[in-house]
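Bear in mind these aren't lab numbers, they're just calculated from the coordinates by the rules spelled out. Nothing here was measured: the structure is a model prediction, and the numbers come from that model. Every residue, glycine among them, receives a Cβ derived from its backbone with ideal geometry; neighbour counts consider all protein chains shown.
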Amino acid sequence: MRIIVCVKQVPDTNEITINPETGTLIRDGVPSILNNDDANALEQALEIKDAYPDTEVIALTMGPPQAREMLQECLAMGADEAILLSDRALGGSDTWATSNALAAGIRKIGDFDLVFAGRQAIDGDTAQVGPQIAEKLGVPQVTYVKEFEMGDDAVTVKRALEDGYEQLRVKLPCVLTAIKELNTPRYMSVPGVLRAVKSEIKVWSADDIGVDKTTVGLKASPTNVFRSFTPKPKGKGITVEGDTAKELASNLLADLRKKHII
């Protein structure tokens, strides 16, 4: 069995700030991490490998050269192979253009049984790339997967909804996007780290994957980020005091009248 996991290196949003003049993210000095939902996607692939030892897990990403560090982390967790799509022609791609490149990379890898991806990236929150990859590969897809069960030629999954869940059976090959409730990602192991350091990370250009260059990159992207900004802090709240519910309500009404709200 061959499983491809689409992963992304993202800035640690707990430490990122925004330039107030330009409205752009300040990435200098900000550590990069493996996207949270992608870690859940990788963990599920590795759990399948634990159950079926002949399984091959390939981590695939698109990004700048420094994304190698994130791929080494994937190898240290247990992935068998790591591939980086890196080319100036791919720079500035939005979700549509990114999915064109990743789908081309998957086609170059060859036959697969499963493609896993995280629900969304924490630096974009679009949740679009996984479904777009499935559409371009022409295979079934299920998003927001919270439970997973492997079968012979199909998988059974639970898909999270706002008011419940759907249980679906999907024939292989297919694309699944994971949410954090699916599992708990494992830590890197010492043997895994030693193996990752010695492992080769393949770097493929746009020419290597045979993607149409008019469908990738900034110029090919139909969407772009107009502005990023930090919301203004809300005003200080007030505390309504009172010993009983009736007294609290009376004091609240008095405060609202004082501020001419009612």
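For region 169-262, the list of GluC sites (Glu not before Pro) that fall in a loop by DSSP and count at most 16 other C-beta atoms within 10 angstrom reads 200, 241. In this entry, region 19-170 is assigned a mean projected area of 10.8 nm², taken as a quarter of its C-alpha convex hull surface. Using Cβ point charges alone (K and R +1, D and E -1), the dipole size of the chain about the Cα centre works out to roughly 900 debye.
Write down the Kirkwood hydrodynamic radius of the chain, to one decimal in angstroms, obtained as one divided by the mean of 1/r over all alpha carbon pairs.
Taking every pair of different Cα atoms in the chain, averaging 1/r and inverting gives 20.5 Å.
Here the chain is scanned for chymotrypsin sites (Phe, Trp or Tyr not before Pro) in DSSP loops (not H, G, I, E, B) that have at most 12 other Cβ atoms within 10 Å, and the longest stretch holding none of them is 1-186.
Listed by chain and number, the lysines whose C-alpha is less than 21 Å from the C-alpha of residue 136, apart from same-chain residues fewer than 8 away, are 8, 108, 171, 213, 219.
Straight-line cross-link reach from residue 258 at under 17 Å between alpha-carbon atoms covers these aspartates and glutamates, not counting any fewer than eight positions away in the same chain: 241, 247.
Computed from Cα atoms, the angle from the helix 95-109 axis to the main principal axis of the chain rounds to 30 degrees. Can you list the aspartates and glutamates whose alpha carbon sits under 13 Å from that of residue 158, skipping same-chain ones fewer than 8 residues off? Those aspartates and glutamates meeting the cut-off are 147, 149, 166, 181.
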